[in-house]
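Since the structure comes first, as structure tokens, the remarks are kept for the end.
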């Protein structure tokens, strides 16, 4: 296969790319100059709309459309907030991007803020990543010294202050309204919607919240045009996507792929993951970070209709939740046959129990309940009722909560039982065998 | 003020409300029979609502312009009505089923110590669970427990019973000053507390007891004195320089054992009272008695006491008017036997019958 296009990571291997002069020598801030000197804010928004780039934080909402929703009342400031609170288990792409090339994000932030008419913008970074915050702040200081930030940027009369805000270390603050609450200095509880942030966001002013990766695409879109961007990718999944691959693969790491790459090629080609570790075979894949439904091997490689599954928003969600999953935030976790799905599900639900904000009752009580039941099943104290109970509890959480954390907690459990029910039943029926260290259910058929 | 009103249909009953009204308020205007339950929403408190999810309803038609149904169940206490909206509450299977789940979730870590709880009898959770819940509980795990905590010398916090509705947090935030009462930790370890175990020292702190839907915040001057349904509420008022002075006095014999704010039909106190009225004025001589308090017919508080007539005529008439039209008069039993035998339906039925007989020969 030909070398695929690199929109974001093209310069990542250049030594010293985190420094301003190296970044500029490699074509950095050219997009910014073009945007500020040759384009109007509306033209930039139009280009982003044309590009069809979709939110890379997980929901996949078209970014141009989100920008279009921004209310523009007179005399009220508007804000752009970059969501770098990446805490989803299995996702580490933004972390890598900010660490490797902070100026790419800063350039994107300036362009996006200019397009939206914001004069103060925030980058909310997960609190655990203090060293990344240091890198970003250093880069911002460099940019400021070079006249790329602050008052009168590049002599165009546009002012922008960029603030990096460390989070307090809560997964829930990755939800946009909780992030805004946290940014305002309050407890990170998601807000009731409507009003949406585009109307009343940060400090009750119109606000756009975008993911790090989404914002980082804007310099390229401005330089090359939205139509050019839309040519990359497949169908409505345009452009490239950073995939953070982890698990039992030979080459884990962050990959920039063109959307539409077959999953099979992504896993087995040497250019990407290089296959499953020696002597083992693929069992299941969580394709987009821990909150998307888990899929067994045969369903992740091929859709229920028998077509090869591609890395794109549409193809991965083909078949709905019965036989599909979601691209999510691109946290690709591959598991080989030594993985106990029950233990894995318990682990995920422990995470969600810990991270639920405790505001609305289905999520607060439901995540704790599911975790306790899964703990019992995993530790040999489950009974057969428990499996149906889990399905029912997951169903009652899903869709009934304020924010999507409830859904994110319910989907992994529901899908694990949907696709690996025999494994749960084995745990319940053979508590002694199942609680042995490293014991994993092996269906007779797969032994052949 | 705009003259135009929005037309909303809730459970088949049409009403007109002002723009900006929430679904819950529109339903309450029709009557308690269609009003969704609310555990966290409290009208006098700003920003309350949306948390307990007890009031979820199905919006079967978004508005007259956009006739699509909303994909998810909506929290009726914070969703504003649109013109031509059709809402299904008790008539929707999904809503009823979800509400059962909400009862279960709320009772998950609730100790169910109603026999020793002072709130029993006027507890929103009791009413909610009784009306919407299932008989059995499926939770086999250990419940989370906390130590009891005193918030000041008059209020006790019993965190085990708390359902984290945030009403007291909003109360402390909005009608007392100094932000020291809030929620700590997150998820199912979240707890109401003061920072750090401080007393909420304010003249209006006692209202946290009134707004609490369960027995988590109780009046220490009343604890274990009497079951509420054995005490007799009367309306009373006094001249107070801090508050409206309009209260319920709760009598046990000739003794005033408790003073609370006046609750309306929906269990909400419209006029908050001060701590002096609530805790210090417990003599009949302090008050001007207005007469027996009006209690809801369904409440256990009204047992063996005062009784208004049992029917609500407006609602009954409205309901009858809405449903009478739907009766289909064209059914065969209204026709004579000859007419029925002539009808197509009858013939088709007979043909089927013949086929069936032939098949089974």
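What the table below lists for this structure:
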| quantity | calculated |
| --- | --- |
| The one condition in (1) more than 14 Å from chain B (Cβ to nearest Cβ); (2) farther than 13 Å from residue A:88 by Cα that residue A:320 fails to fulfil | (1) |
| Test result for residue A:188, within 20 Å of the chain's Cα centre (by Cα), within 13 Å of another protein chain (Cβ to nearest Cβ) and either modelled with pLDDT of 95 or more or surrounded by fewer than 23 Cβ atoms within 10 Å (Cβ to Cβ) (or both) | no |
| Options A:72, A:66: the member that is surrounded by fewer than 24 Cβ atoms within 10 Å (Cβ to Cβ) and outside any helix (DSSP H, G or I) | A:72 |
| Residue B:168, sole failed condition from (1) part of a loop (DSSP other than H, G, I, E, B); (2) within 22 Å of the chain's Cα centre (by Cα); (3) more than 14 Å from chain A (Cβ to nearest Cβ) | (1) |
| All positions within region B:257-268 that are surrounded by 20 or more Cβ atoms within 10 Å (Cβ to Cβ) and in contact with a helix residue (DSSP H, G or I) (Cβ under 9 Å, 6 or more places away or on another chain) | B:258, B:259, B:260, B:261 |
| Region A:342-354, residues that are more than 7 Å from every other protein chain (Cβ to nearest Cβ) and either more than 22 Å from residue A:442 (Cα to Cα) or not in a helix (DSSP H, G or I) (or both) | A:349, A:350, A:351, A:352 |
| Conditions (1) surrounded by fewer than 22 Cβ atoms within 10 Å (Cβ to Cβ); (2) touching a residue at least 12 places away in the same chain (Cβ under 8 Å); (3) over 20 Å from the mean Cα position of the chain (by Cα): number failed by residue A:326 | (3) |
| Enumeration of residues in region B:223-243 that are under 15 Å from residue B:158 (Cα atoms) and surrounded by 20 or more Cβ atoms within 10 Å (Cβ to Cβ) | none |
| Residue B:188 being more than 19 Å from the chain's Cα centre (by Cα), buried (at least 20 other Cβ atoms within 10 Å of the Cβ), within 24 Å of residue B:148 (Cβ to Cβ) and modelled with pLDDT of 90 or more | no |
| Matching option when the condition is facing chain B (nearest Cβ under 9 Å), surrounded by fewer than 22 Cβ atoms within 10 Å (Cβ to Cβ) and not in a helix (DSSP H, G or I), among A:358, A:380, A:438, A:399 | A:399 |
| Residue B:54 being assigned to a loop (DSSP other than H, G, I, E, B) and under 15 Å from residue A:398 (Cα atoms) | yes |
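A quick yes/no check of all residues on (1) part of a strand (DSSP E or B); (2) modelled with pLDDT of 95 or more; (3) touching a helix residue (DSSP H, G or I) at 6+ places or on another chain (Cβ under 9 Å); (4) assigned by TED's automatic domain parsing to the domain that holds residue A:293:
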{"site": "A:1", "(1), (2), (3), (4)": "no, no, yes, no"}
{"site": "A:4", "(1), (2), (3), (4)": "no, no, no, no"}
{"site": "A:27", "(1), (2), (3), (4)": "no, no, yes, no"}
{"site": "A:37", "(1), (2), (3), (4)": "no, no, yes, no"}
{"site": "A:57", "(1), (2), (3), (4)": "no, no, yes, no"}
{"site": "A:87", "(1), (2), (3), (4)": "no, no, yes, no"}
{"site": "A:106", "(1), (2), (3), (4)": "no, yes, yes, no"}
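The values are calculated or read from the model by the stated rules, or taken from the named source; none is laboratory data. Quantities reported herein were computed from a predicted structural model and do not represent experimental measurements. Don't worry about glycine lacking a Cβ; one is built from the backbone with ideal geometry, like all the others, and counts go over all protein chains shown.
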